[in-house]
Structures are given as structure tokens and as C-alpha cells.
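**Student:** Let me give you the structure first, and then I'll get to my questions.
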Amino acid sequence: MPLSARARQLAIPIAAFAVGLGMLGGVAVLTLTPSARQSTTAEIGGPFQLVTHDGRPVTERDFKGAPHLVFFGFTHCPDVCPTKLFEISEVLRATGDRGKALRALFITVDPERDTPEVLKSYLASFDERIVGLTGSPEAVQATTRAYRAFARKVPTKDGDYTMEHTSLVYLMDRTGRFVGSFNLGRPPAEAAQDLLRRL
Ligand code: NI
């Protein structure tokens, strides 16, 4: 068989393989949606040991008892993090007094820069039920892994760096189990009801 014909024959399975890989990527994202939660709840989230923006050591057990949101980000984030934190603040505000036990955990993926003090001053612009969490790089990495989140340092032209990270907002129930990704693409009052009915 001429080489070119052979290459054509090979091209199809290779293309199919590439598409398959793409689909696998899609599946990885889909596993974090509510529809797939039955099979994945036990595997997302888990024990962590971090420090709050007030410098208090905490574990995942401190947040059991009320539903909570978990979001990974960093204070130097130019757009995604401030937008999400603003949206989460709007939802929490919409829960009013009934939602005072609710929490949203903002876990930094940039512990080198995000000390408790930096987190505290950054979070002063948002709802006070948002708790900033940081820790040693190892502790943060272990937490990121437990939530199957993604974070990667990317150097910038000016010799500085930024972080690529998962922008998913995790909804955990009051027992600390993963429920699904929390939908912020709806009116705050509606998202607030979703949290309140889980109290
Ligand atoms: Ni961000």
C-alpha cells in the first residue's frame, strides 16, 4: 500500500482518538454538574487544614452544620474572582437574616501572596459570610486536590505571575457533602432560596 494511502487510513483513527480525548475533557467537567452528583459526591471535597483570614486554624469540620459554597481563587485575579465574589455576596445578601449561618469559603490558590492579612483586607469589600482561607502551599495543594480543582501558576511578561484556576462554585450541604456546582447565572433571590431550603 502506498504510504499516502496508509497515512490516510491512520488519520481517521487518530482524529477519532483526538475527539475522544476532547470528550474526556468534557466528561471531567460534567462530573462536577448536579446531574452527575450521585456518582461523585463522595469523591469531591474532603478533609483540609487551613487558616482563615482572621488567622484562625480551621478544618472542614468547622463548616459543617450549614450549607456552604466553596470557591477557589486569588486576590490578584483581574476579573473572574472579583465577579464571582460579588455575585456570591449578592446571593448571601438576598438570604437576609435567615441565611446568617450560611458561609462561602474563598480558598486561595496563591498562598505565597494571599496571607490572612491580604485576604482580610480584600474580602472587606464583600459579604462578611465569605471566609478567606489560606495555608502552607502543601495544605492548599492538598485542598485543591481534594476538591479536584485545578490551579496553575502562569508567568507574565513583566516577570510577575498569575494563576489559572477552576472557576466552579461548589455547593456543599450542611453535612459537608458535595451537592453540585452552584448556579450563579440566575437572579440572586432565586439562588438564595436554593441555599435557604438546604439549611
Ligand atoms: Ni480568579
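The values are calculated or read from the model by the stated rules, or taken from the named source; none is laboratory data. Given the structure is predicted, the values throughout are model-derived calculations rather than measurements. Reconstructed Cβ throughout: ideal geometry from the backbone, glycine too, with neighbour counts over all protein chains shown. Calculation scope for accessible area: heavy atoms of the full protein, side chains included, ligands and nucleic acids excluded. Shrake-Rupley method; radii C 1.70, N 1.55, O 1.52, S 1.80 Å.
**Student:** Suppose we keep only residues that are of a type outside the set (A, V, I, L, M) and in contact with a helix residue (DSSP H, G or I) (Cβ under 6 Å, 6 or more places away or on another chain) within the stretch 123-133. Which one would you say is farthest from residue 68 (Cα to Cα)?
**Tutor:** 126
**Student:** Would you point out the residue of the stretch 133-155, among those that are under 17 Å from residue 45 (Cα atoms) and touching a Ser or Thr at 6+ places or on another chain (Cβ under 7 Å), that is surrounded by the fewest Cβ atoms within 10 Å (Cβ to Cβ)?
**Tutor:** 150
**Student:** Another question, if that's okay. Taking strands (runs of 3 or more DSSP E) that fall entirely within the stretch 48-115, which contain at least 2 residues that are modelled with pLDDT of 95 or more, open to solvent by 10 Å² or more (accessible area, probe 1.4 Å) and away from the ligand (no atom under 15 Å from the Cβ)?
**Tutor:** Once the strands (runs of 3 or more DSSP E) in the stretch 48-115 are filtered for at least 2 residues that are modelled with pLDDT of 95 or more, open to solvent by 10 Å² or more (accessible area, probe 1.4 Å) and away from the ligand (no atom under 15 Å from the Cβ), what remains is 49-52, 57-59.
**Student:** Conditions: (1) touching a residue at least 12 places away in the same chain (Cβ under 8 Å); (2) more than 14 Å from the ligand (Cβ to nearest atom). Residue 122 meets all but one. Number of the miss?
**Tutor:** (2)
**Student:** Let me ask something additional. So the check is Cβ under 6 Å with 6+ separation or different chains; which pairs have a first residue in the stretch 175-199 that's within 9 Å of residue 91 (Cβ to Cβ) and a second one that's open to solvent by 60 Å² or more (accessible area, probe 1.4 Å) and assigned to a strand (DSSP E or B)?
**Tutor:** From residues that are within 9 Å of residue 91 (Cβ to Cβ), there are no pairs.
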